[in-house]
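Scroll down for the structure; my scribbles are underneath it.
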Amino acid sequence: MGEESAVRDWLPRTAALLFGTLILASAFIAAYVGALHAPNPRDVPVAVVTGDQAAQRLLAAVREQTDSVEAISYADPAAAETALNSREVYATLVAAADGALTLTLASASAPAATDVLQQVITTAGQQAGVPIQVTDQVPVSPDDPRGLVPFYLAVGFVLGGYLASTVLGLSLGTAPAGLRGAGLRIASLAIYAVLLGIVGAVLVGPVFGVWPDDVVKIAAVGALAAFAAAMVASAVQGWLGLFGTGLVILLLVVLGNPGSGGVYAPEFLPAILRGMHLWNVPGPATDLIKSAVYFDSRAARWPLTGLAIWVAAGIVGLITAALVRGRHTAARPGRHHRTDQR
């Protein structure tokens, strides 16, 4: 009877876990294949100065043929250049004194996007008999010609963050017992995040030579990204137990990675994912790495703010889970809070 009872207890839990894993794996396939199998650029923004009739005329002609390019008007060339350096647009198109048009790219933002702009606009220029001079003001590193290292680096930081949280949840319980337990959990994950940030920065810097001069900046970004992912995971797991792990994987991996804009720019993604890079942790992490390495502080404002919001929300969520669920579990007679792993 004891063995039959054990089987009856084991079978439903095992079936539920395997079914949950099946759902996540299926969602993973659907999200990645659905988002990335046939990227179709729409409304890739290029800056044009108000009153620059030659540039506006050419972009209007492009727009009549395809919706892959969208002209964004700015008051003067300085404003257009600011938009380029703050990653609001991927390129600027400005009329030169000799009658030609100058297309200035920032391929470090997204090489696939700037490739589309260069191809479409130079083709339109040839058809209209207008010379197009192309320059790349913010090129990608020669050691990262497709611009994918920021994405892969961000994935590593985010993956490390939520894995660290999951390991602590499995070992010590998903909901820490009270403020002291929450404080120790937060401190442990903060130290881990700093170490992971340093390791990632050293790997892409001195080891692989992609950005050898930006080790400190990359380490700081990596620590913040890993800590944000760890805090989000800890808060969700603190309230939902191990079921929260599946929800975190769905948010940060299944949806977060294809929606980050790291493989293809947001303008290449399905509508449901196009804005996700602004708020889901992998997106701001990828954008902040690009901003730290290639652009100035203007491009870092929102990614930095977004990750900071996630950190704050995760800390609050973990502390409240510790106060509500952690203390309740720890107070159960004869039970350790570690058993609270539903």
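Read-outs throughout are calculated quantities, based only on the coordinates presented, and are distinct from any laboratory measurement. Source: prediction; values computed, not measured. All Cβ positions, glycine included, derive from the backbone under ideal geometry; neighbour counts span all protein chains shown.
Go ahead and run the numbers for FRET between Val167 and Asp98, Cβ-Cβ distance against an R0 of 51 Å, rounding to 0.05.
Plugging the Cβ-Cβ distance into 1/(1 + (r/R0)^6) gives 0.25.
In the Gaussian network model of the chain, springs joining C-alpha atoms below 10 Å, which of Asn40, Asn85, Asn280 carries the largest mean-square fluctuation?
Between Asn40, Asn85, Asn280, it is Asn40 that shows the largest mean-square fluctuation.
Please state, rounded to one decimal and in Å, the Kirkwood hydrodynamic radius that the range 134-206 gives when every pair of distinct Cα atoms enters the mean of 1/r.
Taking the inverse mean of 1/r over all distinct Cα pairs, the range 134-206 comes out at 14.6 Å.
Out of [x] 47, 21, 16; [y] 45, 25, 15; [z] 33, 21, 18, which label holds the value of semi-axes √(5λ) of the Cα gyration tensor in Å that was computed here?
[x]
If you build a Gaussian network model of the chain, linking Cα atoms that sit under 10 Å apart, which residue out of Thr286, Thr66, Thr104 swings the most?
Checking each option, the largest mean-square fluctuation is seen for Thr66.
Mind giving me the nanometre distance, one decimal, between the label points for Ala25 and Gln126, set 7 Å out from Cα along Cα→Cβ?
In this crude spin-label approximation the distance works out to 4.8 nm.
Using only the alpha-carbon atoms, how far is helix 215-240 inclined from the longest principal axis of the chain? Give it as 0 to 90 degrees, nearest 10.
That helix lies at roughly 50 degrees to the long axis.
Please pull out the direction-averaged projected area of the range 81-162, using the convex hull of its alpha-carbon atoms, in nm² to one decimal place.
In nm², the orientation-averaged hull projection of the range 81-162 is 6.5.
Taking a ≥ b ≥ c as the square roots of the Cα gyration tensor eigenvalues, with a/c under 1.5 meaning rounded and otherwise prolate when a/b beats b/c, else oblate, which class fits the range 214-326?
oblate
Which angle between 0 and 90 degrees, to the nearest 10, do you get for helix 301-321 versus the longest principal axis of the chain when only C-alpha atoms count?
10
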